[in-house]
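Enquirer: I'd like to ask you about the structure that follows.
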Amino acid sequence: MKTPSAFYKPLAIGAPEPYRELPVSLERMIHFVPPHIEKMRAKVPELITKVDVVLGNLEDAIPADAKTDARNGFIQMARENEFGSTGLWTRVNCLNSPWFFDDILEIVPAVGDKLDVIMLPKVEGPWDIHYLDQLLAQLEARAGFSRPIMIHAILETAQGVKNVEEIAAASPRMHGMSLGPADLAASRGMKTTRVGGGHPDYAVLSDNNDGGVRTAHQQDLWHYTVGKMVDACLSYGLKPFYGPFGDFSDTAACESQFRNAFLMGCLGAWSLHPTQIDIAKRVFSPEPDEVAFAKRILEAMPDGTGAVMIDGKMQDDATWKQAKVIVDLAKLVASKDRELAEVYGL
Ligand code: GLV
Ligand code: MG
């Protein structure tokens with residue numbers, strides 16, 4: 001572990017100062033684009049107006065013989081577009097792949113000044129973050145960049161989950177983490193064939209006290225991991241995210257999984273299909289009724305102390321803090337989304 005005074009020092013002479021706090025940005029959906037497909041790249045200008053983050057995916061789902069085209073396609077789409085307040089991220093190949101090194105060495109010098117976040121897959125421990133951290137500092141110093149590129153880890157191996165706190169604490173370059181349920185299922189030896197979501201057999205059977213019909217109640221396979229990730233992230237000032245939901249035909253299940261993650265503290269999820277953009281927008285923007293109620297709490301307790309009753313419910317310093325989380329998020333959403341700004345009355 002570094003000493004506190006060393007923690008915030010740039011890792012290369014001339015590299016930008018690391019952030020002490022994350023830049024404020026709305027990231028309800030991280031929209032995945034396969035950059036080797038020209039038709040998909042052509043949609044980027046329109047996507048920029050619709051999503052909070054555009055991510056060029058270079059890792060899984062990109063065939064081995066298209067890895068170079070995907071990398072070049074990402075550089076092209078980064079150069080050809082102005083992203084404004086929409087984030088530009090890339091998911092590079094994992095550290096033990098034959099593509100990672102060239103992904104970093106080509107992308108950072110070419111478009112690193114436009115790149116907000118590098119998503120690093122299959123992070124096992126802090127050593128993975130340290131390696132990329134050092135490499136980025138050297139490349140940023142050489143290119144003379146003025147702001148650091150952030151790192152977002154995918155939590156998708158058993159060892160990564162075991163080390164989640166050390167990963168969160170590894171560097172001031174850490175932006176946050178996403179749950180990667182597909183790789184995590186494989187790494188853990190879970191007996192599923194899905195990308196995220198529930199499983200009908202992961203259930204609790206009701207008691208059989210009076211010999212009546214017993215009902216099975218499906219449980220959330222990801223509850224434990226999301227909880228662990230949220231605690232690690234929030235302890236270190238980072239942002240937690242749900243990852244992919246692979247059944248594009250089941251929008252209700254996708255919405256329910258995203259909503260569980262939102263309620264537990266996540267700030268966004270991946271959108272892999274256009275229908276998931278609206279789902280994520282709906283879920284990760286706070287409910288207008290909740291915002292209205294939260295505003296009432298803040299108004300009733302101007303200095304955030306004491307206790308008041310609102311609609312028969314007790315409010316105190318702790319609910320004031322919950323209300324502030326909701327109103328602060330609503331303000332951030334309102335700054336980007338005029339329609340919701342009106343609904344929220346902000
Ligand atoms: C995402 O990368 C996953 O493995 O779920
Ligand atoms: Mg994965």
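Enquirer: Which condition number in (1) without any contact (Cβ under 8 Å) to a residue 60 or more places away in the chain; (2) in the same structural domain as T86 (by TED's automatic domain parsing) is the one that A318 fails?
Expert: (2)
Enquirer: So, one more: Cβ-Cβ below 7 Å, separation at least six or inter-chain, first residue in region 182-196 and closer than 16 Å to Y224 by Cβ, second within 13 Å of ligand 2 (Cβ to nearest atom) and among the acidic types (D, E): which pairs?
Expert: What qualifies is L184/E156; S187/E156.
Enquirer: Collect the residues in region 160-189 that are farther than 21 Å from S25 by Cα and within 14 Å of ligand 2 (Cβ to nearest atom), keeping them in residue-number order.
Expert: Passing the criteria: G160, V161, G180, P181, A182, D183, L184, A185, A186, S187, R188.
Enquirer: Please verify whether region 74-88 includes one or more residues that are farther than 21 Å from P244 by Cα, acidic (D, E), in a loop (DSSP other than H, G, I, E, B) and not assigned by TED's automatic domain parsing to the domain that holds E339.
Expert: For region 74-88, residues farther than 21 Å from P244 by Cα, acidic (D, E), in a loop (DSSP other than H, G, I, E, B) and not assigned by TED's automatic domain parsing to the domain that holds E339: present.
Enquirer: How many of the residues making up region 271-297 are touching a helix residue (DSSP H, G or I) at 6+ places or on another chain (Cβ under 8 Å), under 30 Å from P34 (Cα atoms) and surrounded by 16 or more Cβ atoms within 10 Å (Cβ to Cβ)?
Expert: 9
Enquirer: While we're looking at this one, here's another question. Taking interchain pairs and intrachain pairs at least six residues apart, which have beta carbon atoms under 7 angstrom, with the first residue in region 270-299 and touching a residue at least 24 places away in the same chain (Cβ under 8 Å) and the second among the basic types (K, R)?
Expert: I277/K50; A280/R28; K281/R28; V283/R259; F284/R28; S285/R28; L298/K324
Enquirer: Could you check region 280-331 and list, in sequence order, the residues that are of a type in the set (S, T, N, Q) and over 20 Å from L263 (Cα atoms)?
Expert: Scanning region 280-331 gives a single hit, T305.
Enquirer: Follow-up question, since we're still on this one. Filter region 298-321 down to residues that are closer than 24 Å to V24 by Cα and surrounded by 13 or more Cβ atoms within 10 Å (Cβ to Cβ), then give me how many there are.
Expert: Residues meeting the conditions: 4.
Enquirer: Given the criterion surrounded by fewer than 17 Cβ atoms within 10 Å (Cβ to Cβ) and either closer than 30 Å to L11 by Cβ or modelled with pLDDT of 95 or more (or both), identify the matching residue among A182, A186.
Expert: Being surrounded by fewer than 17 Cβ atoms within 10 Å (Cβ to Cβ) and either closer than 30 Å to L11 by Cβ or modelled with pLDDT of 95 or more (or both) holds for just one of A182, A186, which is A186.
Enquirer: Continuing with the same structure: Tell me, which strands (runs of 3 or more DSSP E) wholly within region 164-272 include 1 or more residues that are of a type outside the set (V, I, T) and more than 20 Å from I129 (Cα to Cα)?
Expert: Per the criteria, 203-205, 216-218, 269-271.
Enquirer: While we're looking at this one, here's another question. For residues that are part of a loop (DSSP other than H, G, I, E, B) and free of Cβ contacts under 8 Å to residues at least 60 places away in the same chain, scanning just region 117-153, find the one that is nearest to E165 (Cα to Cα).
Expert: Looking at residues that are part of a loop (DSSP other than H, G, I, E, B) and free of Cβ contacts under 8 Å to residues at least 60 places away in the same chain, I get G125.
Enquirer: Can you name the condition, by its number, that I62 falls short on among (1) within 16 Å of ligand 1 (Cβ to nearest atom); (2) touching a Leu at 6+ places or on another chain (Cβ under 8 Å); (3) more than 23 Å from L26 (Cα to Cα)?
Expert: With (1) within 16 Å of ligand 1 (Cβ to nearest atom); (2) touching a Leu at 6+ places or on another chain (Cβ under 8 Å); (3) more than 23 Å from L26 (Cα to Cα) applied to I62, the lone miss is (2).
Enquirer: Take the residues in region 1-56 that are aromatic (F, W, Y) and not in a loop (DSSP other than H, G, I, E, B); name whichever of them is surrounded by the most Cβ atoms within 10 Å (Cβ to Cβ).
Expert: For region 1-56, the residue satisfying everything is F32.
Enquirer: Which residue, of L263, L298, is modelled with pLDDT of 95 or more, within 19 Å of the chain's Cα centre (by Cα) and within 22 Å of D316 (Cβ to Cβ)? Before you say what the answer is, go through the steps one by one.
Expert: Numbers: L298 fails: within 19 Å of the chain's Cα centre (by Cα).
Exactly one of L263, L298 is modelled with pLDDT of 95 or more, within 19 Å of the chain's Cα centre (by Cα) and within 22 Å of D316 (Cβ to Cβ), namely L263.
Enquirer: Identify, by number, the condition in (1) within 16 Å of ligand 2 (Cβ to nearest atom); (2) closer than 21 Å to A261 by Cβ that Y202 doesn't meet.
Expert: (1)
Enquirer: Pairs only if they're at least six apart or on different chains, beta carbon under 6 angstrom, first in region 87-108 and under 16 Å from Q76 (Cβ atoms) and without any contact (Cβ under 8 Å) to a residue 60 or more places away in the chain, second within 16 Å of ligand 1 (Cβ to nearest atom) and outside any strand (DSSP E or B); list them, first residue then second.
Expert: D103/L58; D103/V92; D103/N93
The values are calculated or read from the model by the stated rules, or taken from the named source; none is laboratory data. Remember, predicted model here, so these are calculated numbers, not experimental data. We place every Cβ from the backbone using ideal geometry, glycine too, and count neighbours over all the protein chains shown.
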